[in-house]
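Below: the structure, in structure tokens.
Read the figures in this text as sums done on the coordinates, not as results from a lab. Owing to the predicted nature of the structure, the values given are computational and were not obtained by experimental measurement. Glycine gets a Cβ as well: all are built from the backbone with ideal geometry, and neighbour counts include every protein chain shown.
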Amino acid sequence: MFKVYLALGLALVVIGLTVVVQNKDVSTYRVWSSVDSVSVSPLEAEAGIDRAWDLRVNGSHGDACALALHSVIARYPQNIDMQLYREIPSTANCDGDEAIFERRLSLTGELVAGQPPYLIINNQVWTISYPAGKADGVPMFEAQELMPVQVEQAGLVASADAAEGVELRIRGVQAIGCELPELYSMRVSAESVLLGAFNAIAADTACPAMLVEFDDKLPLPATDGGSDALFKLNGIPINELEMPEMSLIDKVLTNILGVTVKIEKSEATRVSLDVQGEHPDGCDYPVIVNQARQGKSITVEVYREVPADVFCPMILKPYQDTIQLNGDFAPGEYIINVNTYTQALKI
């Protein structure tokens with residue numbers, strides 16, 4: 001299974017990052033460069049920013065066109081993402097051998113704050129580490145392999161803060177059992193915004209062949225894509241931009257596994273229920289209890305109201321509570337329904 005996902009993932013990366021993509025100007029094409037290695041040195045002290053880097057990127061272009069190399073850099077929770085590309089006119093004659101390049105970039109401030117553990121450049125990834133005995137505080141880089149995660153559900157939601165743009169919400173599975181964070185990338189053209197969700201793994205790492213569920217959300221940086229640009233995540237189109245104020249509410253019933261009836265007799269007979277069950281997901285929303293009584297039948301409904309656009313962890317969450325039934329109970333036989341669980345009661 002690991003090899004299947006890896007082969008699929010690399011195919012998606014190649015399609016998404018190395019194919020020539022038409023840019024805003026219909027006569028111009030955006031081409032991403034091939035990256036071979038990275039190295040880093042600290043910025044000058046007068047920059048006044050801790051953990052700031054002067055990053056050197058070495059790679060090659062697959063043609064002889066000597067055009068400006070552009071860069072776009074974004075920060076995600078677990079990685080820095082960088083795209084290096086050229087804008088090539090359709091009339092250009094780029095025949096010839098590949099061209100070697102070195103690009104130097106200053107990564108400062110919020111980009112390197114908190115020591116992000118991964119760096120993605122085009123379709124390559126490195127781990128970032130700070131060896132304890134290294135006096136200059138310069139990070140070390142170790143090449144890894146990108147492995148796209150399996151996307152089961154994804155959507156774009158407009159952020160409540162207009163300045164934040166949109167937020168990506170994604171649910172899926174990793175194809176391997178190692179504890180690995182989700183890494184993200186974005187590649188933009190006039191017609192499409194190609195989002196990538198990955199794990200990074202060393203070639204010699206041995207991980208259990210199992211599926212591990214994940215649920216994540218993150219704000220996306222502003223893009224220079226057209227207003228009608230199609231968003232894709234690991235090659236799958238994200239069709240709708242959902243607005244929070246239009247979100248629907250799902251009524252999610254609690255799974256009831258057992259009910260213990262307690263009878264309290266004093267001046268009047270009162271009944272309470274010790275209820276055990278589980279919520280079908282890991283979302284932490286308040287539990288709502290409604291009661292209805294008709295003759296000798298009592299119906300109790302236990303549920304939560306969960307916004308339809310919220311991705312909940314796919315785990316079972318235990319539930320236990322004591323519910324006091326309304327009113328008094330005269331002698332007789334009753335039927336108590338708690339969601340789909342039925343309990344007979346004789347007083």
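Less than 9 Å Cβ to Cβ from residue 70, Lys/Arg counted +1 and Asp/Glu -1: what total charge do the surrounding residues give?
Around residue 70, the charge tally is +1.
How much length is gained if the chain between residue 308 and residue 337 is pulled fully straight, taking 0.36 nm per residue apart and subtracting their Cα-Cα distance, in nm to one decimal?
Additional length available on full extension: 7.8 nm.
Taking H as built 1.01 Å from N, whose amide H comes closer than 5 Å to the amide H of residue 325, not counting residues under 5 places away?
Those lying under 5 Å, H to H, from residue 325 are 271, 272, 273.
If packing is taken as the mean number of other Cβ atoms within 10 Å per residue, what is the order of 260-273, 53-66, highest first?
Result, highest mean first: 53-66, 260-273.
Describe numerically, in nm with one decimal, the distance between label points set 7 Å from Cα along Cα→Cβ at residue 299 and at residue 317.
It is 2.6 nm.
What FRET efficiency do you get for residue 287 and residue 230 if R0 is 45 Å and r is their Cβ-Cβ distance, rounded to the nearest 0.05?
0.65
Quote to one decimal, in nm, the extra length available between residue 36 and residue 179 on full extension: 0.36 nm per residue of separation minus the C-alpha distance between them.
48.8 nm
Give me the count of lysine pairs in region 249-346 whose alpha carbons sit under 21 angstrom apart, restricted to pairs 8 or more positions apart or on different chains.
6
For region 300-347 and region 50-80, what is the separation of their Cα centres, given in Å?
57 Å
Taking K and R as +1 and D and E as -1, what net charge do the other residues with C-beta under 12 Å from the C-beta of residue 335 add up to?
+2
For a protection proxy built on the mean count of beta-carbon atoms within 10 angstrom, sort 141-150, 333-342 highest first, please.
Averaged packing, sorted descending, gives the order 141-150, 333-342.
Quick one: if the Förster radius is 30 Å, what FRET efficiency do residue 102 and residue 142 give, using the C-beta to C-beta distance and rounding to 0.05?
For R0 = 30 Å, the calculated efficiency reads 0.90.
Could you sort the peptides 34-40, 325-331 by per-residue average Cβ neighbour count (10 Å cutoff), highest mean leading?
Highest-to-lowest ranking by the protection proxy: 34-40, 325-331.
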